[in-house]
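These notes concern the structure reproduced below.
The values are calculated or read from the model by the stated rules, or taken from the named source; none is laboratory data. The structure presented is a predicted model; accordingly, all values stated were derived computationally and were not measured. Positions of Cβ are generated from backbone atoms using ideal geometry, with glycine treated the same way; all protein chains shown enter the neighbour counts. Ligands, DNA and RNA are excluded from the accessible area calculation, which covers all protein heavy atoms including side chains. Shrake-Rupley method; radii C 1.70, N 1.55, O 1.52, S 1.80 Å.
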Amino acid sequence: MKVMRNLKRISALLLTVFVTLGLVQPAKAATPVTITIWSFGNVIEPWAITEYKKLHPEVTLQIKKGELDAHHQSLITAFLAKKTPDIAAVEVSYSGYFRSYPSYFEDLRKAPYNAGTIEKDYLDWRWDQGVGYDGTVFGLPTDVGGMQVAYRVDLFKKHGLPTDRKAVGALWPTWEKFISTGQKYNSKLTTAEKDSCKKKKICYGFIDNAGTIYNAVLNQASAKYYENNNTKDGKLIYSTNPAVKKAFDTTTKALKANIGTRINSFTSDWNVGMNNGIFATILAPAWMMDYIKQQAPKTKGKWDIADLPGGGGNLGGSQLTIPKSAKNKTAAWEFMSWYLAPAQQLTIFKKYGLFPSASSLYDDAALKNYKDPFFNNAPVGSIYTAGALQLKPIFEGKKQRAIDNIFGQALSRVAIGKQTPAAAWQQALSEIKKSVG
Amino acid sequence: MNNTSPVADASQTSGNSNGRGGRRTAAPSPWRADAQPGAPRKRKKTSRDEAGSIRALNPGWGYIFTAPFFIMFLIFGLAPVVYSTYIAFFNWDPLELEHPFVGLDNFALLLDDGQFWMAVGNTFSIWFFSTIPAMIMSIGLAAILRNPNLRGATFWRTILLVPNITSVLAIAIIFGQLFGRDFGLINLMLDIFGFDRHIDWITEQIPSHIAIATMITWRWVGYNSLIFLAAMLAIPNELYESASLDGASKWQTFRYVTLPQLRNTITFVLIVGTIGGLQVFAEPLTLGGNFNGGDSRQFSTLTLFLYEQAFVNNKWGYAAAVGIMITLIVLVISAINFWLTRRIASEDSK
């Protein structure tokens with residue numbers, strides 16, 4: 001008896017060991033599939049998970065969310081270890097890096113994906129951000145981070161500016177006009193508000209963070225830090241491209257004019273400032289609308305959306321990719337081609353404000369006529385459509401995220417008065433030379 | 001087991017008189033001697049005997065019992081060290097298939113890299129701001145918890161560990177709100193006390209170091225207090241009794257009885273704290289939300305710099321060279337610590 005009991009115990013123990021080691025698989029039900037997805041932010045919205053479960057009860061979506069940078073960094077190590085998820089999101093600022101290494105991704109042009117057949121549904125320059133240097137299609141575009149200006153109607157009124165979105169957009173056809181509007185706004189600040197800033201306390205201002213102007217201006221150009229010479233690495237032009245210098249100079253002008261507060265985006269001070277009317281404008285990509293709703297629900301109806309100076313802008317947007325070492329490639333493709341199809345993109349735009357990259361929707365009345373009550377019933381659908389269509393395709397280079405960061409630091413040194421614009425520019429160039437080449 | 005009593009006698013604690021030493025000889029455990037805060041010099045003499053007794057007691061088993069640690073160490077400790085030493089001699093872009101050999105170039109570049117030396121300076125500055133106040137606070141806390149009249153002692157001791165098991169990200173969110181420049185709680189308090197400007201806890205160098213050090217201190221004070229508490233509870237009561245017979249005040253008892261008895265523990269906490277302090281990573285990362293450690297790199301630390309090279313610039317070879325430099329710095333600091341300990345110990349036995 002005792003021997004039997006011990007045997008049972010040992011075999012039970014061994015079984016648990018084998019199961020945990022993956023040597024014995026527990027009996028399978030009707031082919032359930034688990035798709036693992038690595039993403040960041042709100043690329044895969046929770047709505048999709050419940051909706052897809054209704055269509056495919058056998059499929060479970062397992063989503064791991066990381067921070068933007070950490071997510072892409074762990075993706076690199078996952079590629080090396082060949083322990084990749086089935087679907088990986090790649091953001092635009094990193095798509096330039098991964099386009100140099102298409103061999104780590106499935107080529108979606110090929111069977112069974114045949115992505116070529118759906119290419120026409122998408123905005124061309126967004127589609128191109130998922131194309132490798134050798135022509136491989138490694139990702140499908142998610143949303144467009146089309147950029148416009150979110151402004152506070154009540155604060156504009158208080159500071160003697162027009163409040164109608166057409167009239168507001170007409171205030172700033174150019175960035176210079178945007179800056180002078182900011183100065184006009186700031187001149188109407190109360191003495192108490194002005195004193196507060198002089199005493200190095202809260203600074204009230206026209207825009208949350210004048211440093212954000214840099215990316216907006218740069219993305220209106222036709223090239224950034226790299227030029228496509230059809231090689232893996234691209235050609236570095238950051239120091240010679242006049243568009244980079246122009247974006248830098250426009251931003252330092254705005255900083256010098258003090259139109260911004262001292263608050264940085266995505267900080268706790270920023271969230272408070274959004275609620276308390278410390279600033280009146282935010283340069284808002286479409287996905288920012290949901291962020292404002294989440295962080296400042298009490299400001300509902302006080303916001304509106306106007307055109308961006310200089311015409312059209314973009315910040316963000318991602319591609320969904322299938323890594324070479326993914327386990328459930330067909331199931332992954334089925335899900336992502338469903339999720340990114342025009343019909344789903346429209347629902348997601350209405351629910352979460354992610355602007356569709358499916359350009360076939362742009363003539364759709366459902367998108368054009370969509371109004372958002374949070375933003376004073378602005379026709380956000382048509383406003384963001386107009387912006388997205390004005391953009392020129394920009395070549396995304398290999399290490400542009402690192403270069404973006406270095407210019408960003410240079411601008412914040414100027415913002416807090418640590419450096420003159422010229423010195424900051426020089427330091428940025430030498431830092432880029434050192435870390436990128 | 002005669003070898004235990006000379007060790008007990010040799011220890012500087014006067015409480016280890018023959019009476020107590022005699023009690024200890026009754027337990028025939030070779031590890032027992034090790035557990036005593038003995039003088040390193042004497043222990044050296046007896047170490048051969050001790051090893052002999054372990055072997056005598058447990059032929060061969062010692063290796064098996066220690067094997068799990070060493071196997072894990074070989075896989076997760078030594079192998080990465082060897083591998084990263086190897087790639088430090090290459091120009092190693094992770095996804096690239098070929099990695100050109102560059103010899104000592106990475107090291108030469110590193111010694112000439114102002115950003116690296118800035119990170120070294122920041123790391124030591126943060127270490128200074130976090131270690132010294134934390135040490136004083138945890139000894140103080142331990143002294144309070146040692147009080148036998150304290151009610152709910154277990155509760156207080158348990159609660160000390162809560163900061164230590166809290167997720168760093170949660171800490172970062174809370175401290176982000178405390179240290180916010182315009183709406184942070186700390187600047188609000190300073191306002192109330194009539195401080196006439198808001199301190200920018202991120203863009204100013206020393207304030208940012210203090211903010212990071214506060215996070216580290218908050219996290220580790222409780223843990224260190226428990227170590228100090230354990231050391232204090234091991235101090236024989238006879239010492240306190242004789243101190244009170246001599247009419248020593250509470251402060252005098254603490255200063256002349258408790259503190260000297262804690263010397264070894266202080267050294268231990270200092271060494272562990274230094275090694276941890278040289279690897280400060282999560283706190284500066286979450287304070288700035290970026291891998292560069294602020295717009296002027298004002299709080300970039302050594303490990304943050306390493307990470308930035310590896311994962312922002314994708315220069316794994318260069319990052320490996322940074323890792324080797326960190327190891328060298330830790331070794332040098334540990335050697336200094338070790339030398340100091342020896343000196344203090346030998347002064348005691350005079």
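Would you say residue A:148 is at pLDDT below 95, open to solvent by 10 Å² or more (accessible area, probe 1.4 Å), polar (S, T, N, Q) and under 27 Å from residue A:218 (Cβ atoms)?
Details: at pLDDT below 95: yes; open to solvent by 10 Å² or more (accessible area, probe 1.4 Å): no; polar (S, T, N, Q): yes; under 27 Å from residue A:218 (Cβ atoms): yes.
Answer is no for this residue.
Might you check whether a residue that is over 24 Å from residue B:289 (Cα atoms) and more than 27 Å from the chain's Cα centre (by Cα) occurs anywhere in segment B:183-190? I'd like the intermediate steps shown before the answer.
Residues of segment B:183-190 that are over 24 Å from residue B:289 (Cα atoms), as a first pass: B:189-190.
If we keep only those that are more than 27 Å from the chain's Cα centre (by Cα) as well, we get B:189-190.
Yes: one or more hits.
In this structure, residue A:143 does not qualify as over 24 Å from residue A:282 (Cβ atoms) and either under 23 Å from the mean Cα position of the chain (by Cα) or not acidic (Asp, Glu) (or both). In segment B:185-206, the residues that are under 19 Å from residue B:285 (Cβ atoms) form Cβ pairs under 8 Å with partners that are acidic (Asp, Glu), at six or more places apart or across chains, as follows: B:203/B:295. In segment A:280-304, the qualifying residues are those that are in contact with a helix residue (DSSP H, G or I) (Cβ under 6 Å, 6 or more places away or on another chain) and open to solvent by less than 60 Å² (accessible area, probe 1.4 Å), and the one that is farthest from the other protein chains (Cβ to nearest Cβ) is A:304. Considering only segment A:381-402, state which residues are away from every other protein chain (no Cβ under 14 Å) and either open to solvent by 30 Å² or more (accessible area, probe 1.4 Å) or over 26 Å from residue A:355 (Cβ atoms) (or both). Once the filter is applied, which keeps residues that are away from every other protein chain (no Cβ under 14 Å) and either open to solvent by 30 Å² or more (accessible area, probe 1.4 Å) or over 26 Å from residue A:355 (Cβ atoms) (or both), segment A:381-402 yields A:382, A:386, A:389, A:390, A:392, A:393, A:395. Taking segment A:41-60 as the range and being over 17 Å from residue A:353 (Cβ atoms) and either within 18 Å of the chain's Cα centre (by Cα) or among the hydrophobic types (A, V, I, L, M, F, W, C) (or both) as the test, the residues that pass are A:49, A:55, A:59.
Can you spot a residue in segment A:104-120 that is assigned to a loop (DSSP other than H, G, I, E, B), hydroxyl-bearing (Ser, Thr, Tyr), farther than 30 Å from residue A:167 by Cβ and away from every other protein chain (no Cβ under 14 Å)? Yes; the residues of segment A:104-120 include at least one that is assigned to a loop (DSSP other than H, G, I, E, B), hydroxyl-bearing (Ser, Thr, Tyr), farther than 30 Å from residue A:167 by Cβ and away from every other protein chain (no Cβ under 14 Å). What are the residues in segment A:403-423 that are among the small types (Gly, Ala, Ser), more than 9 Å from every other protein chain (Cβ to nearest Cβ) and closer than 20 Å to residue A:434 by Cβ, if any? If the condition is that a residue be among the small types (Gly, Ala, Ser), more than 9 Å from every other protein chain (Cβ to nearest Cβ) and closer than 20 Å to residue A:434 by Cβ, then A:422, A:423 are the ones that fit. Considered as a group, the residues in segment A:30-49 that are part of a helix (DSSP H, G or I) and not aliphatic (A, V, I, L, M) include one that is modelled with the highest pLDDT, and that residue is A:47. Taking segment A:186-203 as the range and being open to solvent by 60 Å² or more (accessible area, probe 1.4 Å) and either on the phi > 0 side of the Ramachandran plot or within 12 Å of chain B (Cβ to nearest Cβ) (or both) as the test, the residues that pass are A:195, A:198, A:199, A:200.
Among the candidates B:210, B:202, the residue that is over 23 Å from residue B:142 (Cα atoms) and within 14 Å of another protein chain (Cβ to nearest Cβ) is uniquely B:202. Reported count of residues in segment B:81-108, each being open to solvent by 60 Å² or more (accessible area, probe 1.4 Å) and either within 30 Å of the chain's Cα centre (by Cα) or free of Cβ contacts under 8 Å to residues at least 24 places away in the same chain (or both), is 11.
Residues that are touching a residue at least 60 places away in the same chain (Cβ under 8 Å) and open to solvent by 30 Å² or more (accessible area, probe 1.4 Å) within segment B:116-127 comprise B:118, B:127, listed in sequence order. Taking segment B:188-199 as the range and being facing chain A (nearest Cβ under 8 Å) and open to solvent by less than 30 Å² (accessible area, probe 1.4 Å) as the test, only B:198 passes.
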